[in-house]
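A.B. asks: Dropping a structure here in structure tokens format, bear with me for questions.
Each reported figure results from applying straightforward, stated rules to the coordinates on display, with no laboratory input. Every value quoted in this text rests on a predicted model; they were computed, and no experiment measured them. Note that each Cβ is placed from the backbone with ideal geometry, even for glycine, and that neighbours are counted across all protein chains shown.
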Amino acid sequence: MPDTLTKLAYQSFQQGKTYFGLAHKAISSQLLNLVSPSKQKTQPLHPELLLKLQQRLNQLLEKDWQDAEQGVYPFTLLFDNPWEDFFRYYPLIVLDMPQIWERANQKKYHEFSPDIKTEGYPSYYLQNFHHQTDGYLSDMSANLYDLQVEILFNGAADAMRRRILAPLKQGLQAFSSIPPHQIRVLDVACGTARTLKFIRGTLPEASLFGTDLSPAYLRKANQLLSENPGELPQLLQANAEELPYLDNYFHALTCVFLFHELPAEARQQVIEQCFRVTKPGGVFVICDSIQANDSPDFMPMMENFPAMFHEPYYRHYTTDNLVERLEKAGFTNITTEIHMVSKYWIAHKPS
């Protein structure tokens, strides 16, 4: 009975997030059409496609529950939600919407506030991804990001992030003879550290590391991780194309929602860097968007995404062969999975 009640609570919790995301998008779309009709051309989504999307969401949530039930991670992760950030920052999302609409309609893709320092970053990074104010370089952007992504995925973003945890834990079995506190895991492009927080729930004793290009997002990550008693965040500002670590240093690496925002050359360079710092026998787990050859039925959604949100490298990403890129870097035993609208690559460095 307790498990049944817990599952019902989880389903209700997720359903609430889904309804909220749908309601926000419906209301904001109506307001946008009244105030500033969009000039972006998008394809209408067939009811059959929406039904398949709902089925995939249901399958994702069932998998999320099963992983917790099987002990991959504690049930508490299923209910993890930054409620304080939600109540504090959702009004700011609403207030920021007119600027986002104006930026989208006027195609202002490289707009930053005068106080934002843009020197030293790769040119491909200096974008208003998702039409966000100040791109990824402001504290406001860092504060709003997780909530914006949850709304974008109708409350399923965290459940999709957690799909990396089972293959991560399984991959680390290759180092079962090593004491848990000596295991080192790096999350590349860690952003606000939502993924690192989930990894910590799964691997309570491992040494966790995170890199990101944005100092603002690293400040947010430090704040989030420091909420855990005894946690000592090991975060570095770094370009994933040049990771500041020794060769063969990490037992495992993860990377969530990065590769679709990289040009092709940078994707290959990041993968090669990840291979370099992974120990022989280690595992590299990637989570990103589905691709064209995996889900042709979802092509209208994939074509709408870069039209609705500024994602200059997404179209190329949807046809890019990351398995070939991983193999070129030296990874072997590569498998893939699909969960809802995300794809996962699990790659191993030969022993």
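A.B. asks: Please compute the length gained on full extension between GLN223 and ASN105, using 0.36 nm multiplied by the number of residues separating them and subtracting their Cα-Cα distance.
C.D. replies: In short, 39.0 nm is gained.
A.B. asks: Same structure again: Obtain the nm distance between the two label points defined at SER123 and THR319 by a simple spin-label model: each point lies 7 Å from its Cα along the Cα-to-C-beta direction.
C.D. replies: Taking the simple label geometry, SER123 and THR319 are separated by 2.3 nm.
A.B. asks: Please compute the net charge surrounding HIS110, taking Lys and Arg as +1 and Asp and Glu as -1 over other residues with Cβ under 12 Å from its Cβ.
C.D. replies: +1
A.B. asks: Most fluctuating residue of THR336, THR133, THR278 in a GNM of the chain with Cα springs under 10 Å: which is it?
C.D. replies: Looking only at THR336, THR133, THR278, the largest GNM fluctuation is found for THR336.
A.B. asks: State the label only: which of (i) 138; (ii) 124; (iii) 154 corresponds to volume of the Cα convex hull per residue in Å³ computed from the shown model?
C.D. replies: Answer by label: (i).
A.B. asks: Can you tell me what share of the DSSP beta bridges in the chain is antiparallel? A percent to the nearest 5 is fine.
C.D. replies: Counting only bridges with both partners in the chain, antiparallel ones make up about 40 percent.
A.B. asks: Full extension from LEU8 to LEU236: what is 0.36 nm times the residue separation minus their Cα-Cα distance, to one decimal in nm?
C.D. replies: Extra length from LEU8 to LEU236 when fully extended: 78.1 nm.
A.B. asks: Then there's this: Quick one, could you list the DSSP H helices from the chain stretching 30 Å or more along their long axis (Cα atoms) with average Kyte-Doolittle hydropathy of -1.0 or above?
C.D. replies: Helices meeting the criterion: 2-35, 47-69, 83-105.
A.B. asks: Could you tell me the calculated FRET efficiency between ASN81 and LEU45, based on Cβ-Cβ distance and R0 = 35 angstrom, to the nearest 0.05?
C.D. replies: 0.80
A.B. asks: Run the helix sum for the chain: -39,500 (n - 2.57) per DSSP H stretch of 4+ residues, divided by residue count, reported at 222 nm to the nearest 500 deg cm²/dmol.
C.D. replies: Computed mean residue ellipticity for the chain: -15000 deg cm²/dmol.
A.B. asks: Can you tell me the order of 186-197, 116-127, 308-319, 202-213 when each peptide is scored by its average per-residue count of other Cβ atoms within 10 angstrom, highest first?
C.D. replies: Highest mean packing first, the order is 186-197, 202-213, 308-319, 116-127.
A.B. asks: Let me ask something additional. Looking at the range 219-351 only, what percent of DSSP beta bridges run antiparallel? Nearest 5 please.
C.D. replies: 70 percent
A.B. asks: Checking the a/c ratio against 1.5 first, then a/b against b/c, what shape does the Cα gyration tensor give for the range 103-160?
C.D. replies: In terms of gyration-tensor shape, prolate.
A.B. asks: Follow-up. What is the gain in length, in nm to one decimal, between TYR249 and PHE20 on full extension, counting 0.36 nm per residue of separation less the C-alpha to C-alpha distance?
C.D. replies: 78.2 nm
A.B. asks: Also, quick follow-up: Say the dipole of the chain comes from +1 at the beta carbon of Lys and Arg and -1 at that of Asp and Glu; which of PRO312, SER123, PHE175 then lies farthest toward its positive end?
C.D. replies: Of the candidates, PRO312 comes out farthest on the positive side.
A.B. asks: Quickly work out the PHE112-to-GLN66 label distance, labels modelled 7 Å from Cα along the C-beta direction, and quote it in nm with one decimal.
C.D. replies: Between GLN66 and PHE112, the simple spin-label model gives 4.5 nm.
A.B. asks: Then there's this: Order of 340-348, 3-11 by packing, highest average Cβ count within 10 Å first?
C.D. replies: Ranked by mean Cβ neighbours within 10 Å, highest first: 340-348, 3-11.
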